Amino acid sequence: VIHRLPMPNLRDELHSSGWSTGCSCSDTAAARRNKLILPCLISSRVYVVDVGSQCRAPRLCKTIEPVDIFWKCNKGYLAVAHSLPNGDVLIANSGDAAGNGKGGFIVLDGETFELKGNWENECEAPPTGYDFWYQPRHNVLISSAGVVPRRAGRGFDPDDLKKGVYGRRLNVWNLSCRSLTQCFDLGEDSLPLSVKFLHNPDAAEGYVSCALSGVVYRFYKENWAVEEAIRIPAKDVTGWIMPKMPAFTIDLVISMDDKFLYVSNWLHGDIRQYELSKHCKPRLVGQVFVGGHVLRGGPVTVCRDEELKCQPEPLVVKCKRVYGGPCKMQLSLDGKRLYVTNSFYSTWDKQFYPNMVKEGSVMLQIDVDTEKGGLCVNKNFLVDFGKEPHGPCLAHDIRFPSGDSTS
């Protein structure tokens with residue numbers, strides 16, 4: 001740890017981050033990563049952090065207060081941020097000011113970071129929202145669903161599956177007109193979260209991971225269609241809140257050469273590497289467990305497992321037992337180092353991984369075989385957020401100033 005930048009407020013829930021005018025812009029001269037945008041999932045604030053003036057000592061340079069977002073946009077509970085082709089910053093939201101489900105986006109000016117207002121027409125806001133990505137050459141933006149904020153803040157309840165608390169739609173937008181053109185209903189047990197296009201700027205396809213169903217769908221341009229690409233089976237268990245433990249796939253990352261796809265499975269505890277030579281049928285080539293609920297010696301017993309013959313051993317790195325499960329990932333540009341953190345959302349962390357909340361989360365490095373495929377935990381690398389001065393802390397999003405695989 002070379003520097004710490006404390007935020008001025010508590011209970012913001014810094015969940016995701018995004019660069020200001022970045023490598024998504026068509027004008028390469030404007031492509032710079034000197035500001036980091038930090039939207040807050042609970043408080044609905046937006047922080048702008050200067051990482052360009054002193055890259056080893058970032059400083060807070062602007063704060064957009066939630067009251068401005070509530071009044072001007074009737075939006076709140078901010079999730080993922082990306083820079084747009086014109087240099088402005090687009091931030092997805094998952095609710096309105098009262099915490100009811102409401103999708104859509106707010107826009108910040110790319111130079112002044114002043115709040116411009118809503119991106120989409122008010123009548124076209126989806127029921128919920130979370131992540132998004134776009135492909136300018138095909139004039140399309142695709143967004144995922146997320147969860148109704150005020151209900152998610154009380155923790156996961158299996159009874160909510162049929163009550164519309166968990167989003168189930170994948171939305172297709174016309175990027176230039178800012179209009180909703182198609183919607184795909186992925187089922188009541190889906191909860192689509194992470195959305196990624198292939199990096200090839202001509203490619204008209206990508207993937208979305210669905211947390212509760214354990215399914216990764218491929219979307220592609222044929223008047224835009226969706227098909228199942230990967231299905232991770234649930235495990236029959238005892239000692240857990242449900243008799244079946246679903247694959248809770250939170251994050252999805254694609255290597256810069258579009259050769260490999262990585263999926264984090266927060267409840268089961270594994271990271272999976274898929275080879276993408278056949279985009280419609282990704283092939284599993286690597287898997288490593290870095291925590292989770294199905295480890296040997298824990299309170300959960302696996303009664304039936306379609307994939308594993310025995311429960312994995314707990315992970316210890318540099319004498320620290322790793323609790324929690326793999327959540328957010330970031331892949332180096334050469335594809336050889338996959339970094340992962342294990343905090344998803346503070347309320348759900350407390351419910352599912354109380355030991356992680358008590359001991360603090362970690363960041364791990366996974367070494368990647370980029371030739372044949374394969375994953376291995378690097379036992380010489382550990383960032384222990386349990387040792388933070390005002391901790392223990394819960395680490396989530398990761399960014400590389402020199403360029404990362406998710407921007």
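One table, with the values for the structure above:
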item: Test set (1) touching a residue at least 40 places away in the same chain (Cβ under 8 Å); (2) open to solvent by 40 Å² or more (accessible area, probe 1.4 Å); (3) among the acidic types (Asp, Glu) - residue 251 fails condition number; result: (2)
item: Residue 257, sole failed condition from (1) of a type in the set (D, E, K, R); (2) under 24 Å from residue 95 (Cβ atoms); (3) part of a loop (DSSP other than H, G, I, E, B); result: (2)
item: Every residue from the stretch 135-145 that is on the phi < 0 side of the Ramachandran plot and surrounded by fewer than 21 Cβ atoms within 10 Å (Cβ to Cβ); result: 135, 136, 137, 138
item: Test result for residue 330, of a type outside the set (A, V, I, L, M), touching a strand residue (DSSP E or B) at 6+ places or on another chain (Cβ under 6 Å) and modelled with pLDDT of 95 or more; result: yes
item: Conditions (1) open to solvent by 60 Å² or more (accessible area, probe 1.4 Å); (2) closer than 23 Å to residue 103 by Cβ; (3) part of a loop (DSSP other than H, G, I, E, B); (4) not hydroxyl-bearing (Ser, Thr, Tyr); number of the one not met by residue 200; result: (2)
item: Residue selected from the stretch 157-195 under the condition out of contact with any strand residue (DSSP E or B) (no Cβ under 9 Å at 6 or more places or on another chain) and at pLDDT below 90, by the criterion surrounded by the fewest Cβ atoms within 10 Å (Cβ to Cβ); result: 159
item: Single residue of the stretch 278-335 satisfying the filter (polar (S, T, N, Q) and more than 30 Å from residue 407 (Cα to Cα)) that is least open to solvent (accessible area, probe 1.4 Å); result: 311
item: Filter result for residue 121 (surrounded by 22 or more Cβ atoms within 10 Å (Cβ to Cβ), more than 22 Å from residue 405 (Cβ to Cβ) and out of contact with any helix residue (DSSP H, G or I) (no Cβ under 6 Å at 6 or more places or on another chain)); result: no
item: Within the stretch 220-245, tally of residues that are touching a Cys at 6+ places or on another chain (Cβ under 7 Å) and either free of Cβ contacts under 8 Å to residues at least 60 places away in the same chain or surrounded by 13 or more Cβ atoms within 10 Å (Cβ to Cβ) (or both); result: 4
item: Residue in the stretch 113-134 that is hydroxyl-bearing (Ser, Thr, Tyr), within 25 Å of residue 244 (Cα to Cα) and within 16 Å of the chain's Cα centre (by Cα) present; result: no
item: Segments classed as strands (runs of 3 or more DSSP E), wholly inside the stretch 100-157, with at least 3 members that are under 22 Å from residue 210 (Cβ atoms); result: 132-135, 140-143
item: Number of positions in the stretch 357-381 that are in a loop (DSSP other than H, G, I, E, B), open to solvent by less than 40 Å² (accessible area, probe 1.4 Å) and of a type outside the set (S, T, N, Q); result: 3
item: Residues of the stretch 43-59 satisfying the condition of being free of Cβ contacts under 8 Å to residues at least 40 places away in the same chain, assigned to a loop (DSSP other than H, G, I, E, B) and over 22 Å from the mean Cα position of the chain (by Cα); result: 52, 53, 54
item: Selected residue (only one of 384, 404, 349 is over 22 Å from residue 267 (Cα atoms) and crowded, with 17+ Cβ neighbours inside 10 Å); result: 404
item: Subset tally (residues that are assigned to a loop (DSSP other than H, G, I, E, B) and surrounded by fewer than 22 Cβ atoms within 10 Å (Cβ to Cβ)) for the stretch 203-215; result: 2
item: Qualifying positions in the stretch 97-117 - touching a helix residue (DSSP H, G or I) at 6+ places or on another chain (Cβ under 8 Å) and open to solvent by 10 Å² or more (accessible area, probe 1.4 Å); result: 97, 98, 100, 101, 115
item: Subset of the stretch 87-96 [touching a residue at least 40 places away in the same chain (Cβ under 8 Å) and either open to solvent by 30 Å² or more (accessible area, probe 1.4 Å) or farther than 13 Å from residue 143 by Cβ (or both)]; result: 87, 89, 95
item: Any hit, the stretch 216-225, residues being part of a strand (DSSP E or B) and either of a type in the set (D, E, K, R) or touching a Ser or Thr at 6+ places or on another chain (Cβ under 7 Å) (or both); result: yes
item: Residues that are of a type outside the set (A, V, I, L, M, F, W, C), part of a helix (DSSP H, G or I) and open to solvent by 50 Å² or more (accessible area, probe 1.4 Å), drawn from the stretch 60-86; result: 68, 72
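Per-residue answers, yes or no, for (1) within 30 Å of residue 160 (Cβ to Cβ); (2) in contact with a Lys or Arg (Cβ under 7 Å, 6 or more places away or on another chain):
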residue	(1), (2)
38	yes, no
42	yes, yes
67	yes, no
86	no, no
90	yes, no
95	yes, yes
109	no, yes
136	no, no
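The values are calculated or read from the model by the stated rules, or taken from the named source; none is laboratory data. Given the structure is predicted, the values throughout are model-derived calculations rather than measurements. FYI the Cβ positions are ideal-geometry reconstructions off the backbone, even for glycines, and counts take in every protein chain you see. Note: accessible area is taken over every heavy atom of the protein model, side chains too, but ligands, DNA and RNA are not part of it. Shrake-Rupley method; radii C 1.70, N 1.55, O 1.52, S 1.80 Å.
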